[in-house]
Amino acid sequence: MVKLAIFTSSFTGELLLEGLLNKSIFPKIVTYKADFLRTSLSRDFSIFESFFEITYLNSNKYEDNKEILKKLNFDTALCIEWTKDFFANSVPPFNVYHTHPALLPFYRGYGAITEQFIQGVVKSGLTIYENSIKIDGGNIVYQETINIDFNDYPEDFIKKYTSKIINFIEKMLSGELNLDTIKQNEDLSFYLVRKRNKNAIIDFNRDAYSIYNHIRGYSHPFFGAHFYYSEKKIKVFKSEIRAWQGYYGEPGVILEVKEDYIDVACGTGMIRLNKLKQDEKSLENLDNIFEVNSKLNY
């Protein structure tokens, strides 16, 4: 029987632990100490201490932690949104598998969820692969397709992705999986660079569909697409396509303002922006903030 430890510190990991708790599945959990958490997607798992055996690390290198991990007595590590080079230059005495939110070999690297939304991908998936010296390049042991629907946002995708991971864990622990390996096709592989705030700015010269996908890609739990208005940075977490094509005015010009949304002309088409934030505070009464025929800066 597999003795499993899950390595995670992320928003996805938080959803995963909630799902495992609901199914009364209790693998060992390895995460980082709270003062070592480094990104907005990192989570503090102390709320789960009553249910799971949780081990906290204060370094992102296996060699610094191997004595601590040895005491946990597990034979399989499943890494979920875990530091990609944690096991670099190491050969641990247990099996190491990683999850990835795409159908590898496509979309390797960081920001795979955001990039797939930006590109309008409709067939994504969960890939689980063996640890390798090449990031996201290990042999594939498991894949499942995940549909990205037109109205989905990253949170919707991550919930589906988490559900697929739980299915995999259930099958692994029950002995249903053979875990046969498939070598990745390097000719089809490509790597993504880490997403930065500057990449999230909205270019209203683009068509409405592209802008809609851009906004979706950076929405919760990510940091949000943005524009500037009156020299203030405004983040957008939800949008609707009001017109797919056609000329509605100079790109970036506000066509209509209501209490909870603004309509904006695009390079072609028109888009509605809502769920706006400034300095991480939700904006309300937008009709007191924006003016019709004024222009958003980008």
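Read-outs: derived from the displayed coordinates by stated rules, not from any lab. Owing to the predicted nature of the structure, the values given are computational and were not obtained by experimental measurement. Here the Cβ is made from the backbone with ideal geometry for all residues, glycine too, and neighbour counts use every protein chain on show.
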- Message: Of 46, 118, 264, which is farthest towards the positive pole of the chain's charge dipole, taken about the Cα centre with +1 and -1 on the beta-carbons of Lys, Arg and Asp, Glu respectively?
- Response: 46
- Hey, can you grab everything whose amide H is under 5 Å from the amide H of residue 283? Only 5+ residues off in sequence or another chain; H modelled, so Pro and N-termini drop out. 276, 277, 278
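Give me 82, 244 sorted ascending by neighbouring Cβ count inside 10 Å, so fewest comes first.
Placing the least packed residue first, the sequence is 244, 82.
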- Work out Dmax and Rg for segment 9-105 from the C-alpha atoms and quote the Rg first, both in angstrom. 13.3, 38
- Query: What is the Cα centroid distance between segment 212-248 and segment 250-286, reported in whole angstrom?
  - Reply: 8
- Suppose R0 equals 51 Å; then what is the FRET efficiency for residue 46 and residue 189 from their Cβ-Cβ distance, rounded to the nearest 0.05? 0.85
- Task: Can you tell me the 0 to 90 degree angle between the C-alpha axis of helix 208-218 and the longest principal axis of the chain, rounded to 10?
- Result: 40
- Task: Output ³J(HN,Hα) for segment 119-125: one whole-Hz value per residue in order, computed from phi by the Karplus curve 6.51 cos²θ - 1.76 cosθ + 1.60 with θ = phi - 60°, and x for Gly and Pro.
- Result: 7, x, 5, 10, 10, 10, x
- What angle, in degrees between 0 and 90 and rounded to the nearest 10, separates the Cα long axis of helix 11-22 from the longest principal axis of the Cα atoms of the chain? 60
- Note on the structure: Between residue 26 and residue 245, the FRET efficiency computed from the C-beta separation at R0 = 51 Å comes out, to the nearest 0.05, as 0.45
- Query: Mind listing the phi-derived Karplus ³J(HN,Hα) values for segment 241-250, rounded to whole Hz, using 6.51, -1.76 and 1.60 with θ = phi - 60°, and x for any glycine or proline?
  - Reply: 7, 8, 8, 6, 9, x, 9, 10, x, 4
- Message: If amide hydrogens are placed 1.01 Å from N in the peptide plane, which non-local residues have theirs closer than 5 Å to the one on residue 96?
- Response: 77, 131
- Note on the structure: Along segment 87-96, Karplus-curve 3J(HN,Hα) (6.51, -1.76, 1.60; θ = phi - 60°) to the nearest Hz, with x for Gly and Pro, reads 9, 4, 6, 10, 10, x, x, 8, 6, 10
- Query: If you place +1 on the Cβ of every Lys and Arg and -1 on the Cβ of every Asp and Glu, how big does the dipole about the Cα centre of segment 241-298 come out, in debye to the nearest 20?
  - Reply: 220
- the chain: spread of alpha-carbon positions along the three principal axes, whole Å, largest first, is 65, 41, 34
- Taking amide H positions as placed in the peptide plane 1.01 Å from N, state which residues far from residue 242 in sequence (5 or more) or on other chains have amide H under 5 Å from it. 270, 271, 272
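Between residue 133 and residue 199, what length comes free when the chain is fully extended (0.36 nm per residue of separation minus the Cα-Cα distance, one decimal in nm)?
Numbers: separation 66, 0.36 × 66 = 23.76 nm, distance 2.85 nm.
This chain segment gains 20.9 nm when fully extended.
Which of 76, 31, 12, 145 comes first, and how do the rest follow, when ranked by fewest Cβ neighbours within 10 Å? Mind showing how you got there, number by number?
Working: 76 17, 31 26, 12 22, 145 10.
Lowest count first: 145, 76, 12, 31.
For the chain, give the magnitude of the charge dipole about the Cα centre (Cβ charges: +1 Lys/Arg, -1 Asp/Glu; no others), in debye to the nearest 20. Before the final figure, lay out the partial values.
Numbers: 36 positive and 39 negative charges, 93 e Å.
Dipole about the Cα centre, nearest 20: 440 debye.
Quick one: putting +1 on the C-beta of Lys and Arg, -1 on the C-beta of Asp and Glu, what dipole do you get for segment 197-288 around its Cα centre, in Debye to the nearest 20?
Working: 13 positive and 13 negative charges, 73 e Å.
The calculation lands at about 360 debye.
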- Note on the structure: Taking alpha-carbon centroids only, segment 121-154 lies from segment 178-211 a number of Å equal to 12
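From the C-alpha gyration tensor of segment 197-288, pull out the three semi-axes of the equivalent ellipsoid (sqrt of 5λ each), sorted largest to smallest, in whole Å. Walk me through the numbers on the way to the answer.
Numbers: eigenvalues 72, 47, 26 Å².
After scaling each eigenvalue by five and taking roots: 19, 15, 11 Å.
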